[in-house]
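Worksheet: the structure to be examined is printed underneath.
The values are calculated or read from the model by the stated rules, or taken from the named source; none is laboratory data. Please read these numbers as outputs of a predicted model, since none were measured by experiment. All Cβ positions, even for glycine, are placed from backbone atoms using ideal geometry, and neighbour counts span all protein chains on display. Note: areas computed on protein heavy atoms with side chains; ligands, DNA, RNA excluded. Shrake-Rupley method; radii C 1.70, N 1.55, O 1.52, S 1.80 Å.
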Amino acid sequence: MQNASATRNDVRPRRPLRAWFDVRRRHMGSWAFAINRLTGLGLAAYLFLHLAVLSTLLQGEAGWDRFLQLARSPFFLLLDVVLIFGILFHGLNGIRVALVGMGVGARQHRALFWVLMAIGFVLLAYSAWKVFTI
Amino acid sequence: MAEVERTFRVFRYKQGQAAPSYQTFKVKAGPRTTVLEALQEIRRTQDRTLILRHSCHHASCGTCGMRVNGQEVLSCVTNVQELGAETVLVEPINNIPLVADLVVDMGGFYERYVDAHMPYIRQSEFEPDADLPEGIAQYTRYENCLECGLCVSACPVMGSTSDYLGPAALAAAWRVVAEPRGQDAGRAAEAALEWVDNENGCWRCHVAYECTEVCPSDVDPGGSIMALRRKLTGRKFRRLLRLER
Amino acid sequence: MQNTITGQAARERQERSRAGGLWLIQAVSGLLLVALLGLHMVAHHFVVEGGLRDFQQVLDYVSNPVIFFLEVVFLVVVTAHAMLGLRAIVRDLNLSPAAARAADWILALVGAAALIYGVWLAAAIQQL
Ligand code: SF4
Ligand code: SF4
Ligand code: FES
């Protein structure tokens with residue numbers, strides 16, 4: 001490029017985390033992207049946690065029962081609802097990203113998002129009720 | 001609406017300074033005063049060292065793009081009073097190297113149009129014997145692109161890495177594919193597809209559509225990136241099924 | 001705009017189709033997961049009295065070969081999707097090419113370890 005010293009990249013270094021998560025003044029798609037990233041990170045962490053928890057099965061019935069008792073405490077039930085929110089958002093928004101990203105329904109991506117979120121809300125409400133009453 | 005006074009907080013930076021700063025100016029704004037005019041007023045009457053870019057004053061040259069209160073806009077068509085805020089924060093667009101104050105270096109940005117195989121001059125569709133593809137009206141006119149860089153500034157992926165080709169250049173590439181024109185059109189379209197089919201091309205985008213939201217000229221770069229992907233996805237599936245090599 | 005076919009061009013081409021390919025795997029595995037996870041949730045929590053299986057119920061459930069197979073498929077798909085997702089995030093961190101490549105390897109190893117451990121766990125549970 002012309003005069004390299006005339007322009008400065010380093011006075012405004014790129015800040016990836018800010019670019020993803022600073023959603024002030026941004027629109028629906030950026031919010032969806034940011035929440036998708038957060039829930040994705042959370043779900044990846046949960047995957048490993050889940051594998052660890054299942055290994056208590058190997059300690060026989062006593063180990064598993066201890067886990068069940070813990071899992072039925074109100075705090076853990078609340079965490080379950082958070083988890084279900086993460087799964088629903090990531091999954092339903094993911095349907096949009098996958099379809100739109102393959103060029104399916106790209107023009108209707110906004111409508112698609114809100115329809116999926118409406119479905120998600122109903123499923124979340126139902127699951128939350130189920131978690132606490134089952 | 002009468003004239004009102006507004007506080008402008010303006011991003012300042014000159015070559016050689018360690019870090020940018022913000023300077024505050026008081027400006028009178030009438031009912032039709034634009035952000036660009038207010039900045040020119042500051043230049044005229046308060047600080048002649050404030051530099052900015054502009055040309056047409058009517059949203060067609062794309063040089064006056066900036067971030068006003070955190071939002072990418074063309075300052076020449078952004079009304080000060082309609083912002084509805086006492087303080088107006090003015091910053092240069094993001095993700096493009098800074099020259100000074102509100103001016104960024106668009107050189108690298110323009111070069112990508114050439115890489116996209118977007119010719120500066122295209123065969124005219126009004127030329128009677130021009131070879132036009134069918135259904136030309138259904139294509140959005142990417143020549144609408146003002147080359148303002150607002151989409152690049154707003155894109156979360158551009159904010160992560162300068163390697164990403166970016167929404168404007170990808171939109172230009174899709175233009176070359178969607179509406180081939182001129183003698184070398186077929187080859188150019190192939191080359192444009194090759195150019196975008198990589199990790200820093202159309203596959204890098206995370207479908208945030210922020211580019212489309214901020215584009216002042218209805219180019220819909222987000223949609224065109226998805227169109228590129230549809231084209232490439234179809235080809236990949238066909239290759240997988242050995243229908244095409 | 002000269003396109004000479006050299007070894008480099010061939011390599012670039014391969015590199016290219018990989019990017020699109022990885023994205024497609026991510027998208028398709030994601031869509032599959034919506035179905036598989038739906039099944040997983042219903043089978044493990046919604047149709048079970050109390051929302052969680054007791055010890056014996058878990059053992060009975062996993063000893064069904066069809067279920068065992070589905071659980072392993074689920075594990076493979078979810079791990080691939082998770083690792084590819086983490087990779088996309090790491091790539092967006094703007095690391096040096098060497099660091100990015102190292103991260104790829106680490107993620108691949110972690111994913112493989114999770115897979116092996118998961119399959120082993122499922123098999124071990126069957127032996128109980
Ligand atoms: S749709 Fe893609 S190119 Fe446009 S802002 Fe979002 S990530 Fe950037
Ligand atoms: S695509 Fe729109 S926002 Fe991007 S440079 Fe062109 S006119 Fe500006
Ligand atoms: S001055 Fe030309 S677009 Fe604003």
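Here the condition is being within 16 Å of ligand 2 (Cβ to nearest atom) and either closer than 20 Å to A:ALA19 by Cβ or within 14 Å of chain A (Cβ to nearest Cβ) (or both); of B:GLY65, B:GLY84, it holds for B:GLY65 alone. For segment B:142-164, the set of residues classified as more than 11 Å from chain A (Cβ to nearest Cβ), open to solvent by 10 Å² or more (accessible area, probe 1.4 Å) and either of a type in the set (D, E, K, R) or part of a loop (DSSP other than H, G, I, E, B) (or both) consists of B:GLU143, B:CYS145, B:LEU146, B:GLU147, B:CYS148, listed by residue number. When A:ARG25 is tested against (1) under 19 Å from the mean Cα position of the chain (by Cα); (2) surrounded by 14 or more Cβ atoms within 10 Å (Cβ to Cβ), just one condition goes unmet, and that condition is (1). In segment A:30-134, counting only helices (runs of 4 or more DSSP H) that sit wholly within it, the ones holding 2 or more residues that are within 22 Å of the chain's Cα centre (by Cα) span A:74-101, A:109-133. Does at least one position in segment B:195-208 carry a residue that is within 17 Å of the chain's Cα centre (by Cα), aliphatic (A, V, I, L, M) and more than 8 Å from chain C (Cβ to nearest Cβ)? Checked segment B:195-208: at least one residue is within 17 Å of the chain's Cα centre (by Cα), aliphatic (A, V, I, L, M) and more than 8 Å from chain C (Cβ to nearest Cβ). Checked against (1) within 14 Å of chain A (Cβ to nearest Cβ); (2) under 24 Å from the mean Cα position of the chain (by Cα); (3) open to solvent by 30 Å² or more (accessible area, probe 1.4 Å), B:ALA19 meets all criteria but (2).
Screening the candidates B:GLY149, B:GLY201, B:GLY186, B:GLY182 for the property of being more than 16 Å from ligand 3 (Cβ to nearest atom) and either in contact with an Asp or Glu (Cβ under 6 Å, 6 or more places away or on another chain) or at pLDDT 85 or above (or both) yields one hit, B:GLY201. Pairs are defined by a Cβ separation below 7 Å, a sequence spacing of at least 6 or placement on different chains, a first member in segment A:101-116 that is under 14 Å from C:LEU31 (Cβ atoms), and a second member that is open to solvent by 90 Å² or more (accessible area, probe 1.4 Å); the pairs so defined are A:MET102/B:ARG230. Screening the candidates A:PHE75, A:PHE48 for the property of being farther than 30 Å from C:GLN126 by Cα and open to solvent by 40 Å² or more (accessible area, probe 1.4 Å) yields one hit, A:PHE75. Exactly one residue among A:GLN108, A:GLN69 is exposed (fewer than 14 other Cβ atoms within 10 Å of the Cβ), more than 24 Å from B:HIS206 (Cβ to Cβ) and out of contact with any Gly (no Cβ under 7 Å at 6 or more places or on another chain), and that residue is A:GLN69. Do the conditions hold for C:ASP60, that is, is it closer than 20 Å to A:THR56 by Cβ, surrounded by fewer than 16 Cβ atoms within 10 Å (Cβ to Cβ) and at the interface with chain A (Cβ under 8 Å from one of its Cβ atoms)? No: the conditions fail for C:ASP60.
Counting only helices (runs of 4 or more DSSP H) that fall entirely inside segment B:181-245 and contain at least 2 residues that are closer than 23 Å to A:TRP20 by Cα, the qualifying elements are B:210-214, B:221-240.
Residues of segment B:5-40 that are in contact with a strand residue (DSSP E or B) (Cβ under 9 Å, 6 or more places away or on another chain) and aliphatic (A, V, I, L, M): B:VAL10, B:VAL27, B:ALA29, B:VAL35, B:LEU36, B:ALA38, B:LEU39.
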